[in-house]
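**Student:** Here it is, the structure, as C-alpha cells.
The values are calculated or read from the model by the stated rules, or taken from the named source; none is laboratory data. Bear in mind the structure is a predicted one, so any value in this text is a computation, not a measurement. Here the Cβ is made from the backbone with ideal geometry for all residues, glycine too, and neighbour counts use every protein chain on show. Please note that ligands, DNA and RNA were not included when accessible areas were found on the heavy atoms of the full protein model with its side chains. Shrake-Rupley method; radii C 1.70, N 1.55, O 1.52, S 1.80 Å.
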Number of protein chains: 2
Amino acid sequence: MTTTATTATTARERMQRAKDASRTVGLLSDADKAEALRAIATALEAETAAIVSANADDLARGRESGLSEGLLDRLRLDGARVAALASAVRDVADLPDPVGRVLDERILPTGVSLQKVSVPFGVVGSIYEARPNVTVDIAALALRSGNAVVLRGGTAAQSSNAALVEVMRGALSARGIDPEAIQTVDDFGRDGANALMQARGLVDVLVPRGSAQLIETVVTQSSVPVIETGAGVVHIVLDTTAPLEWAEQIVVNAKAQRPSVCNAVETVLVLKDAAERLIPPVSAALESAGVTIHGDETVRALVPTAVPAVDEDWATEHMSLDLSMRVVDDLDDALEHIRRYSTHHTESIITADDARAERFLAEVDSAVVMANASTRFTDGGEFGFGAEVGISTQKLHARGPMGLPELTSTKWLARGSGQIRA
Amino acid sequence: MTTTATTATTARERMQRAKDASRTVGLLSDADKAEALRAIATALEAETAAIVSANADDLARGRESGLSEGLLDRLRLDGARVAALASAVRDVADLPDPVGRVLDERILPTGVSLQKVSVPFGVVGSIYEARPNVTVDIAALALRSGNAVVLRGGTAAQSSNAALVEVMRGALSARGIDPEAIQTVDDFGRDGANALMQARGLVDVLVPRGSAQLIETVVTQSSVPVIETGAGVVHIVLDTTAPLEWAEQIVVNAKAQRPSVCNAVETVLVLKDAAERLIPPVSAALESAGVTIHGDETVRALVPTAVPAVDEDWATEHMSLDLSMRVVDDLDDALEHIRRYSTHHTESIITADDARAERFLAEVDSAVVMANASTRFTDGGEFGFGAEVGISTQKLHARGPMGLPELTSTKWLARGSGQIRA
C-alpha cells in the first residue's frame, strides 16, 4: 500500500512536470518547434549505437521470456530502423504548425471582437505496446503540436524506450527547451499506467495504441478523456451489380496487401443475387493470394476449399490471411449485419448502382464509408495528412485518421474596450 | 440485486430503442426536423394544462420535502413558462441544420474523392437537475441535430418531465417520426443514471448539466464519452494600467448582473501598483450593487467593510453576491493564481496595455480568455449561436459555449471507381 502510494505520487510528479513544461512548449513558435524536431532527429542518428545497445537488452530479455519471432522483430531496432525513425521525425517537422489557426471570427453587436483559435491540448498521454518506434512517433507529433507528452510503453521495450526518451530530452535541453516536456512512466510498471489514467487535471487527453484489450481497459478505466483508436472489423459488401473486376481487385487488395493492419477487410458480404456470379472468381483470386476463406453454407457450396465460418468469425479481427464471407439476402440484410458486427472503422460497398452507393454512404455509421474503393485507403498518409496519430473509431473530437490538427484544442479570445453585457 | 439487474436491463432496452430510432432520425431532412420541432412547440402550448397539473404534483412533493423557495421557483411551470419553452423550441427550429456540412474535401492521387461531412452523434444522453425546462431544451437541440436523446432529469421534477416527454413523443408520432427517439430513464432513479453512464455503444455522448458535484460524478463514473459543462471560478485581473471606468463597470456587471450563473466573476485580482487607485472605487461600486467583498489583508486595509477572505474562497464558485478580492505582486503572480484556482471557464484582464493583454490572452488556459470585456459575454446566445447546449470546460471536442454544431460528429465519405492501394 505504502509502496503503491509512493510510486503513484512520483509518477504524478512527473506528470506535474510535464504540465509545467507544457506552458512554455505551448508558446513556442512554428520554427522553434520544427527545429527542435530536427535536433531530435539528428540526436537519434548520433546516438544510434546507444539506442541499439539498449534495444539489445530488451531483445535478450524478450528471448528469455519466450517472445515469438514476430514480436521480437517488432521490438528490434537496428541502424536502418533508427535512421527511419529520424527520417519520420523530420517529416513531422516539415508539417504545417497546427497551432494558432483562426477557426472562427466574429464581431459581437457590442463591438467585442471574438476569435476561435487552435491551441495545444497541453499534455498528451499515450499508453501503448511493444514497438519502440511509437515512443518517438507520439513524442514528435505531440511536440509539433505544442504539447508535452507522458509516455507509457510496453514493458518489453522498456530499455529501448528509456534510451529514446533520454536522447530526445537531451536534444530539447541542448536547444534551451524544457526537457520535462517529454516524460515516461514506464519504470512504474502497471502503477504508471494507472497513474496516467487517473491524471485528470494534469493530462488533457489519453491516446491508447495497441490491442483491442488494451484500448478497452483504457476506455473503461480512465478518467482522463480518451481518444479511442480502435480495432477494425472491416466489411466489404458486394452488391448485386458489383463489377467483377472491381470486386476481385478491391477484396484482394483490402485483405492480402497487409493483413495485420486495422484497415484490412475481415468480412465480405455478398448479395445473394450476385453470389453465383461473384463468389467463385473472387474466392479463387483470394486463394491465389494465400487467403483462407471462412464461409457460411452458401459460400461453401460454391467454394469447396472454404472452411466453415463459426459465429465468432463475424466479430473477429483476424489480423491474418483469413477472411469471413457470408451471403446476405439484400442490402438491408447487409446493413443489419454491419450494424451488429462492425467496429465502426471502415466499410466499403462495390456496386455499379449510384443510388445504392449513396444509400450505403448515408446509412453506415462508421468513421470512413466507401463506395468502390479499397478499405486500405483509410490511413493518415493516404488521406494526405503527412502523419497519423491513430485512427479514431469514436465520435467525440476526432473520427477516422487523425493528423496533427486533431492534437489541438481551441480557445476563444475576446478583445473589447470596456464592454459590459446589457 | 435481482431488482437492480432487471431495472438496468429495462433502462438499457429504452436506450436500445433510442439507438434504433436514431437511424431514421439521423436521415431526416432539414425541413422535417424543423417541422417536427414546430409541432412539438404547438403541442406543448396545447397541453399546457396537463403540464402545469403534473408540475403541481412535483411542487406539492417539493413543499412536503422542504425544498427552498428558490428551488421551488426553479421547478415551477405556469402558462407563461410553458409558452416560453415552446418559443425556445421554435427558435431552435429556425436554426440552420448542423448536419451534412462538408468540412473538408480532397481528391486522392488515385482519383478517389473524399469528403468529411458532419453527421449526428446518434444518441445524446443528458443527466441534469431540478429545472424541467432542460428536458425540452436538450430534446429540441438533440432532435434539431438529428440525434435521439435519453434524458435523466432531477427526481424533484419527475412528474413534470414525464408530462413533457409524453407531449413531445406524441408530437413526433403525429408527424410519422419514431417517438422512441425521445426516452427518459427518470423512473429508474439512480439506476437509470448508472445505466446511462454505462451505456457505451448505445449512447454516443453524455452531457451532464448541473452542480459541480453532479458533473464530477458523471465525469469519473461514465464509460460513455462525456462533455464536461463546468463550474466557473471566473477571474478578472485589474492590471496596473486598468482604466478605472472599465474596471468599475466590468467588475460590477460581471458579478452583480446575474450572480448565480457560471460566467459571473468570483475573484478579482488587483496588481499591487494599482491597488490604492482601483480598490476603493471598484469596491464602493460593488457594495452599492449589494456585493459582499471577501478580501485579503491588503484589500481590507483599503475596504474596511470587506470580510476576511479564507483560503477556501479562492476555489469557491459563490453563486451569490459574494466576491473574493486579492492583491497580487504582478502579472506573473496573477497568472499563477489563475493556474491554481481557475476552472478554465472564463478569465478577463482589464488593461490599457495591449502587449500585456496579448500575453494574458496567450497564456491563460481557459475556454474563453478576454481583455477589457465582461465575463458575462461567455454565452451561446451572446456569441450568436442562437442556442446553447452548455459551456464546455474540457478540451476534447468542444470548448466554451456549445451550439448545435457541437452536437454533431463527422464521417469521411470516399467515392471511387475501383481504386486499390498500391
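**Student:** Only residues that are at pLDDT 95 or above and within 21 Å of A:Met319 (Cα to Cα): list them for the range A:46-75, please.
**Tutor:** none
**Student:** Return a yes/no flag: does the range A:190-206 have any residue that is out of contact with any strand residue (DSSP E or B) (no Cβ under 6 Å at 6 or more places or on another chain), in a helix (DSSP H, G or I), farther than 22 Å from A:Ser223 by Cα and touching a residue at least 12 places away in the same chain (Cβ under 8 Å).
**Tutor:** no
**Student:** Also, quick follow-up: Report the residue count in the range A:147-189 for those that are open to solvent by 40 Å² or more (accessible area, probe 1.4 Å) and not in a helix (DSSP H, G or I).
**Tutor:** Final tally of qualifying residues: 3.
**Student:** So which of A:Gly290, A:Gly295 is among the small types (Gly, Ala, Ser), more than 14 Å from chain B (Cβ to nearest Cβ), open to solvent by 10 Å² or more (accessible area, probe 1.4 Å) and touching a residue at least 24 places away in the same chain (Cβ under 8 Å)?
**Tutor:** A:Gly290
**Student:** Tally the residues that are in a helix (DSSP H, G or I) and farther than 18 Å from B:Val165 by Cα, restricting the search to the range B:64-92.
**Tutor:** 9
**Student:** Starting from the range A:310-328, take each residue that is in a loop (DSSP other than H, G, I, E, B) and list its partners that are open to solvent by 60 Å² or more (accessible area, probe 1.4 Å), counting only C-beta distances under 8 angstrom and pairs at least six apart or across chains.
**Tutor:** A:Glu317/A:Ala212; A:Met319/A:Ser260; A:Ser320/A:Ser260
**Student:** In the range A:342-368, what count of residues is obtained for those that are of a type in the set (A, V, I, L, M, F, W, C), surrounded by fewer than 24 Cβ atoms within 10 Å (Cβ to Cβ) and at the interface with chain B (Cβ under 9 Å from one of its Cβ atoms)?
**Tutor:** Here the count works out to 3.
**Student:** Only one of these is within 14 Å of chain B (Cβ to nearest Cβ) and at positive phi: A:Gly176, A:Gly201, A:Gly189. Name it.
**Tutor:** From the options A:Gly176, A:Gly201, A:Gly189, the qualifying one is A:Gly201.
**Student:** Using beta carbons and a limit of 6 Å, which pairs, at least six apart or on different chains, have the first residue in the range A:249-269 and away from every other protein chain (no Cβ under 14 Å) and part of a loop (DSSP other than H, G, I, E, B) and the second one modelled with pLDDT under 95 and surrounded by fewer than 24 Cβ atoms within 10 Å (Cβ to Cβ)?
**Tutor:** Close Cβ pairs (under 6 Å, with a partner that is modelled with pLDDT under 95 and surrounded by fewer than 24 Cβ atoms within 10 Å (Cβ to Cβ)) amount to A:Ser260/A:Met319.
**Student:** Suppose the filter is in contact (Cβ under 8 Å) with a residue 60 or more places away in the chain, open to solvent by less than 70 Å² (accessible area, probe 1.4 Å) and part of a helix (DSSP H, G or I); does B:Arg61 pass it?
**Tutor:** It is false that B:Arg61 is in contact (Cβ under 8 Å) with a residue 60 or more places away in the chain, open to solvent by less than 70 Å² (accessible area, probe 1.4 Å) and part of a helix (DSSP H, G or I).
**Student:** Next question, about the same structure. Looking at B:Val268, B:Val251, B:Val219, which is the one that is of a type in the set (A, V, I, L, M) and either surrounded by fewer than 21 Cβ atoms within 10 Å (Cβ to Cβ) or within 30 Å of B:Gly153 (Cβ to Cβ) (or both)?
**Tutor:** Step by step, each of B:Val268, B:Val251, B:Val219 is checked, and only B:Val219 is of a type in the set (A, V, I, L, M) and either surrounded by fewer than 21 Cβ atoms within 10 Å (Cβ to Cβ) or within 30 Å of B:Gly153 (Cβ to Cβ) (or both).
**Student:** Could you grab me the full set of residues in the range B:379-422 that are assigned to a loop (DSSP other than H, G, I, E, B), within 28 Å of B:Thr220 (Cβ to Cβ) and among the β-branched types (Val, Ile, Thr)? It would help to see each step written out before you state the result.
**Tutor:** Our first condition is that a residue be assigned to a loop (DSSP other than H, G, I, E, B); within the range B:379-422, this holds for B:379-389, B:393-399, B:403, B:420-422.
Checking the rest, the ones that are also within 28 Å of B:Thr220 (Cβ to Cβ) come to B:379-380, B:388-389, B:393-399, B:403.
Selection gives B:Val389, B:Thr393.
**Student:** Right, something else. Of the residues in the range A:271-296, how many are more than 17 Å from A:Asp322 (Cα to Cα) and acidic (Asp, Glu)?
**Tutor:** Final tally of qualifying residues: 2.
**Student:** Could you check the range B:19-41 and list, in sequence order, the residues that are more than 14 Å from chain A (Cβ to nearest Cβ), surrounded by 16 or more Cβ atoms within 10 Å (Cβ to Cβ) and in contact with an Asp or Glu (Cβ under 8 Å, 6 or more places away or on another chain)?
**Tutor:** B:Lys33, B:Ala34
**Student:** Could you tell me whether any residue of the range A:403-415 is more than 30 Å from B:Val265 (Cα to Cα) and among the hydrophobic types (A, V, I, L, M, F, W, C)?
**Tutor:** Checked the range A:403-415: at least one residue is more than 30 Å from B:Val265 (Cα to Cα) and among the hydrophobic types (A, V, I, L, M, F, W, C).
**Student:** If I filter the range B:219-241 for residues that are in a helix (DSSP H, G or I), aliphatic (A, V, I, L, M) and either within 11 Å of chain A (Cβ to nearest Cβ) or touching a Cys at 6+ places or on another chain (Cβ under 7 Å) (or both), do I get at least one hit?
**Tutor:** yes
**Student:** Kindly indicate whether any position in the range B:94-102 is in a helix (DSSP H, G or I), in the same structural domain as B:Ala34 (by TED's automatic domain parsing) and either modelled with pLDDT of 95 or more or surrounded by fewer than 17 Cβ atoms within 10 Å (Cβ to Cβ) (or both).
**Tutor:** Yes, the conditions are met somewhere in the range B:94-102.
**Student:** Of everything in the range B:380-393, what is within 8 Å of chain A (Cβ to nearest Cβ) and either of a type in the set (A, V, I, L, M) or at negative phi (or both)? Give them in sequence order. Let's see the steps before the verdict.
**Tutor:** Taking the range B:380-393 first, the residues within 8 Å of chain A (Cβ to nearest Cβ) are B:382-384.
Selection gives B:Glu382, B:Phe383.
**Student:** Exactly one condition in (1) over 30 Å from B:Gly26 (Cβ atoms); (2) touching a Lys or Arg at 6+ places or on another chain (Cβ under 9 Å) is false for B:Thr48; which is it?
**Tutor:** (2)
**Student:** Here's a follow-up. Tell me the residue from B:Asp137, B:Asp78 that is assigned by TED's automatic domain parsing to the domain that holds B:Ser160, of a type in the set (Asp, Glu) and at pLDDT below 95, please.
**Tutor:** B:Asp137
**Student:** Got at least one residue in the range A:394-408 being hydroxyl-bearing (Ser, Thr, Tyr) and either within 11 Å of chain B (Cβ to nearest Cβ) or surrounded by 24 or more Cβ atoms within 10 Å (Cβ to Cβ) (or both)?
**Tutor:** Step one: list which residues in the range A:394-408 are hydroxyl-bearing (Ser, Thr, Tyr), which gives A:408.
Now restrict to residues that are either within 11 Å of chain B (Cβ to nearest Cβ) or surrounded by 24 or more Cβ atoms within 10 Å (Cβ to Cβ) (or both): A:408.
For the range A:394-408, residues hydroxyl-bearing (Ser, Thr, Tyr) and either within 11 Å of chain B (Cβ to nearest Cβ) or surrounded by 24 or more Cβ atoms within 10 Å (Cβ to Cβ) (or both): present.
**Student:** What is the residue count in the range B:334-378 for residues that are within 19 Å of B:Lys272 (Cα to Cα) and assigned to a loop (DSSP other than H, G, I, E, B)?
**Tutor:** 3
Results for (1) buried (at least 21 other Cβ atoms within 10 Å of the Cβ); (2) more than 12 Å from chain B (Cβ to nearest Cβ), shown as yes or no for each residue.
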site	(1), (2)
A:Asp104	no, no
A:Leu114	yes, no
A:Glu129	no, yes
A:Val136	yes, yes
A:Ala139	yes, yes
A:Leu143	yes, yes
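**Student:** Sort through B:Thr241, B:Thr316 and tell me the only one that's within 26 Å of B:Ile391 (Cβ to Cβ) and either in the same structural domain as B:Arg359 (by TED's automatic domain parsing) or in contact with a Gly (Cβ under 7 Å, 6 or more places away or on another chain) (or both). Don't jump to the end; show me each part of the working.
**Tutor:** Numbers: B:Thr241 fails: within 26 Å of B:Ile391 (Cβ to Cβ).
None of the others qualify; the one that does is B:Thr316.
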